[in-house]
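Please treat every number below as a calculation from the coordinates, not as lab data. Not measured: the values here are computed from a predicted model. Neighbour counts are summed over all protein chains in view; Cβ atoms, including those assigned to glycine, are modelled from backbone coordinates with ideal geometry.
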Amino acid sequence: MFSLVKEDGNARVGILKTAHGEVETPFFMPVATRGVGRFVSAEDYIQAKVKVIIANAFFLSLTPGLEMFEKRGGIHKFMHYPGIIFTDCGGFQMLRENLLLETTNNGILLKNPEGKDVFMRPEKLLEISKKINSDVIMALDCVLPYGRSREQYLEALQKSHRWTKKCKDLHSGEQLLFGITQGGTFEDLRESSAKAINAMDFDGNAIGGVGIGEPSELLYKMVDISIPHLNKNKPRYVMGLGKPEQIIECVERGIDIFDSIYPQKNARHGMLFTFSGIIDLGKEIYKFDELPIEQSCLCFTCQTFSRSYLRYLLKKDDAVGKRFLTIHNLFFMQEFMRKIRESIREGKFQEFKKEFLRKHKKMN
RNA sequence: GCCCUGAUAGUGUAGUUGGCCUAUCAUGUGACCCUGUCACGGUCACGACCCGGGUUCGAAUCCCGGUCAGGGCG
């Protein structure tokens with residue numbers, strides 16, 4: 001399932017094997033909550049060299065509905081994407097006030113914008129996930145917003161561990177199952193959660209409940225505390241991180257998997273990542289600029305369009321423009337991760353990191 | 001040449017029985033933000049009463065003159 005290929009400090013390159021092929025870690029997967037990424041298609045993913053995406057079991061169970069997956073033979077055929085697909089569990093939706101109704105000892109009552117409320121519990125999650133037939137199932141966790149009390153995090157952690165364990169007990173078959181740690185920003189809770197989840201022996205271990213408003217230093221601290229207790233021979237995943245500098249800091253600490261809406265959402269608003277720094281395409285200086293976003297970039301957008309045209313589409317609020325901008329950031333993230341892996345393989349991760357961070361700031 | 005109508009941020013506008021206008025809204029520009037459901041998103045800042053004179057305690061608002069624009073008549 002997972003094997004290490006090379007280590008450079010705590011950073012490592014590995015291979016994750018799934019029912020739909022294998023992928024090198026560390027990798028970044030874009031978010032396709034309802035089986036589609038905003039403004040991009042499965043074709044766009046392929047062209048942008050995206051090997052893995054993450055969808056959401058909760059939302060997929062609402063529409064198109066589970067019968068669709070049973071009839072079509074799972075999510076891969078349904079959305080016509082041949083790569084690896086993770087599915088998230090619905091735990092993160094606890095942070096959305098408009099979705100969370102309540103939590104009980106057994107699960108989460110979520111508001112369904114399209115019909116009857118859904119009680120998400122381990123049994124239901126696994127039933128859904130089996131029909132969707134994703135490659136990796138994220139076990140059900142209990143997530144609290146940043147800034148709650150220790151008592152609240154402790155109570156949530158007990159629920160989280162109960163649900164996660166239940167998922168593990170119920171699980172069987174070819175799909176991989178990852179557990180998720182919690183504990184807010186409390187060091188002792190993070191440590192005990194990492195130990196508990198690790199002991200449940202999942203196919204991979206995720207750190208959850210971070211990147212939700214806490215300072216980056218606190219995030220790194222939580223990762224530092226968790227890592228020593230998470231089996232080195234299994235993939236480690238920090239959920240929800242999409243800022244390149246956070247990703248590279250976490251890779252340095254031994255994290256293998258990332259996901260986020262961040263690169264896509266910001267692309268649509270004119271923030272483009274390049275290896276020379278961050279471009280804000282909204283700036284007037286790009287009005288008559290015939291250069292691509294990034295001259296060395298091989299993505300479809302950079303090979304085809306000038307910044308001035310892309311800026312024009314951005315200002316026009318045009319959906320096609322949003323697609324082009326998204327494609328660039330998707331491609332950038334894949335290139336970014338590829339370069340990280342290459343540097344680890346060559347034993348030059350530190351140099352790469354230093355050089356990347358030196359350039360990785362806002363241009364203009 | 002005469003008459004009528006109008007003139008408010010870069011653009012389009014609200015206000016025009018005088019005070020509550022340090023002037024509305026949209027767009028624009030600038031800054032910051034966006035992290036396991038991503039709205040064509042959010043927050044903040046910048047930016048205007050055509051010019052001159054008058055009435056009045058007080059004028060974007062009323063009066064006079066001018067300029068410009070549109071329309072009408074010669």
key: Gain in span if fully extended, residue A:70 to residue A:155, counting 0.36 nm per residue against the direct Cα distance   = 26.9 nm
inquiry  = Let's test the formula: R0 of 35 Å, r as the Cβ-Cβ distance of residue A:41 and residue A:309. What FRET efficiency results, to the nearest 0.05?
reply    = 0.95
query = Which value in nm describes the separation of the simple spin-label points at residue A:4 and residue A:339, placed 7 Å from the Cα toward the beta carbon?
reply = 2.6
key: Globularity index of region A:2-256, i.e. its alpha-carbon radius of gyration over 2.2 N^0.38 Å   = 0.95
ask   = With a 10 Å Cβ neighbour count serving as the proxy for reagent exposure, in which order, fewest first, do A:188, A:289 appear?
value = A:188, A:289
message = Among the listed pairs A:49/A:353; A:283/A:339; A:17/A:124; A:49/A:111; A:124/A:322, which have their C-alpha atoms separated by more than 32 angstrom in this model?
response = A:49/A:111; A:124/A:322
Built amide H within the under 5 Å cut-off of residue A:278, gap 5+ = A:361, A:362, A:363
remark   = Sequence order, region A:208-219: Karplus ³J(HN,Hα) from phi using 6.51 cos²θ - 1.76 cosθ + 1.60, θ = phi - 60°, Hz rounded, Gly and Pro as x, gives x, x, 10, x, 10, x, 6, x, 4, 4, 5, 4
key: Positive-end residue, chain A charge dipole about Cα centroid, Cβ charges, pick of A:329, A:206, A:144   = A:329
remark   = Partner aspartates and glutamates whose C-alpha sits under 16 Å from that of residue A:361, ignoring same-chain residues fewer than 8 away, are A:245, A:249, A:280, A:294
key: Positive-end residue, chain A charge dipole about Cα centroid, Cβ charges, pick of A:99, A:274, A:63   = A:274
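At 0.36 nm per residue, minus the direct Cα-Cα distance, what do residue A:105 and residue A:24 gain on full extension? Give it in nm, one decimal, please.
Between residue A:105 and residue A:24, full extension yields an extra 25.4 nm.
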query = Where does the Debye-calculated log10 I(q)/I(0) of region A:268-354 sit at q = 0.25 Å⁻¹, using only Cα point scatterers of equal weight, no solvent?
reply = -1.19
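How high is the FRET efficiency between residue A:218 and residue A:361 when r is their beta carbon distance and R₀ equals 22 Å, given to the nearest 0.05? Spell out each step's value before the answer.
Numbers: r = 22 Å, r/R0 = 0.98.
About 0.55, to the nearest 0.05.
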